[in-house]
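To keep things clear, I will list the structure first and then write my remarks on it.
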Amino acid sequence: MAHIMTTKEISRYLKLHEITICKYAEAGVIPAIRIGRMWRFDKDVIDDWISAGQNEKKAAGRSKGEASERNQGRKNQGEEKDRLIWVIECLLIFNIIFPSRKKSWTFSERAMA
């Protein structure tokens, strides 16, 4: 008879966080059955999966090329974000976006205000 385990039980059994278990189940790294919004795991299938060494092959999940492409995409997004922030700061500095009433304040005017 199959011993069906919940996410909490399998996380204790494998000594992984519940969120990690859910991510692995969603990605197909760990054998699981989805019932509605809940994941269920057959203990016998998990034991076979571990003994077959599938965790090492699928835990990596992606080849080095795919991972580096994904990281490159994240790096490009970060650079675009930095450029956008720089442009906004320049526009703010030169009073293009929100022009103030006074164009420039000197130190003495600020001290008196």
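Bear in mind these aren't lab numbers, they're just calculated from the coordinates by the rules spelled out. The model shown is predicted, which means the values in this text are computed figures rather than measured ones. Ideal geometry is used to build each Cβ from the backbone, glycine not excepted, and the neighbour counts take in all protein chains shown.
Remarks
- Note on ASP48 and THR20: their simple-model spin labels are 2.5 nm apart, each label 7 Å out from Cα toward Cβ.
- Stretched out straight at 0.36 nm per residue, the stretch from ILE85 to ARG37 would grow longer than its current Cα-Cα span by 13.3 nm.
- In the stretch 4-60, the ratio of gyration radius to Kirkwood radius, Rg to Rh, stands at 0.92 when only Cα atoms are counted.
- The relative contact order of the stretch 4-60, computed from alpha carbon pairs under 8 Å that lie at least 6 residues apart in sequence, is 34 percent.
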